[in-house]
Amino acid sequence: MNEIRVWVNGQVVDADVPSVRALDHGVTVGDGAFETCKIVNGEAFALTRHFRRLGRTLSGLGLPAVDDAVIREGIQEVLAIGDPIAFGRVRITVTGGAGPLGSDRNDSPATVIVAATSSAPHEPSAAVVTVPWVRNERGATAGLKTTSYAENVIAVTHARSRGAEEALMANTRGELCEGTASNVFVVTDGVLRTPPLESGCLAGITRELAIEWCRAAGLEVVEEALPFDVLDSADEVMISNSSRDVQGVHAVDDRRLAAPGPVTTKVIDVWRAAESSLGIDP
């Protein structure tokens, strides 16, 4: 098991020792926001963009902003422990702090947690399944990266039980939305397409960069509403997140696809070239 390095409210702590209050609102009702950044050669990738999205989530939850400098301090401290992490992830969690047992909030300082661990890179392609549960694109937390992740736990557990890595969901309108921890792209008629943010999907940092970089490289990328059953006919499917970058999909339920396909391969090549040239905080 990989070592997990943890920092809570200004102090490095033992990952196995209690360090958050029992009545922390993040524990009792999932009142909090989080970000997960890729670690490359001991440094967190795309931090500025992750901080920007963290701020949007906190604002959407009605929680006060947290000074980026405080979080940077936590990241620096966990990454300085032990040997440098060649590849892994750092998770930033900000909760509403101490609260009552119900949904009301106290006027309490936020709890800020930073954790880091090494991990193995993902395989070149993955299997995914579709699930019957949907994202509510009109919900109060639509598009926010909150710590209320029970829906995702249920869906990804369902996927794992069927030999897949990820579960893909529609929204309430029957449109393709996202995975439990990934954005999704499809290729139809040779064009790379992905659901728009209005679908209720998370504004993924990797999604954002992939769209920017592919367009700059001359690849057509269309953000548009897509029927969920596009997964039954798309020539290629790919998923993206901070640890996968862009990953081909070789199976959707019982449907097999060649992966990574030609467009997926181009996207991966564009990603690697841009990441290499633009550095750790593009």
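Quick look at the values:
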| item | result |
| --- | --- |
| Inter-probe distance in nm under a simple model that places probes 7 Å from Cα toward Cβ, at residue 141 and residue 220 | 3.8 |
| Average Cα contact separation per residue, the chain, under 8 Å, 6 or more apart, as relative contact order % | 18 |
| Over the chain: helical MRE at 222 nm, DSSP H runs n ≥ 4 each giving -39500 (n - 2.57), nearest 500 | -8000 deg cm²/dmol |
| The chain: angle of helix 150-161 to the longest principal axis, Cα-based, in degrees nearest 10 | 50 |
| Global form of region 134-187, assessed from the alpha-carbon gyration tensor, a/c cut-off 1.5 | oblate |
| 122, 250, ranked by accessible area, largest first (probe 1.4 Å) | 122, 250 |
| Global form of region 167-256, assessed from the alpha-carbon gyration tensor, a/c cut-off 1.5 | rounded |
| On Cα atoms only, tilt of 68-79 relative to the major axis of the chain in degrees | 80 |
| Sequence of 147, 157 when ordered by accessible area, the most exposed leading, probe 1.4 angstrom | 157, 147 |
| C-alpha long axis of helix 262-278 to longest principal axis of the chain, angle in ° | 40 |
| Whole-number accessible area per residue in Å² for region 7-53, which is evaluated in the context of all protein chains at 1.4 Å | 46 |
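The values are calculated or read from the model by the stated rules, or taken from the named source; none is laboratory data. Since we're looking at a predicted model, the values are computed, not measured. Cβ: placed from backbone, ideal geometry, glycine included. Neighbour counts: every protein chain shown. Heads up: the accessible areas ignore ligands, DNA and RNA and are worked out on the full protein's heavy atoms, side chains in. Shrake-Rupley method; radii C 1.70, N 1.55, O 1.52, S 1.80 Å.
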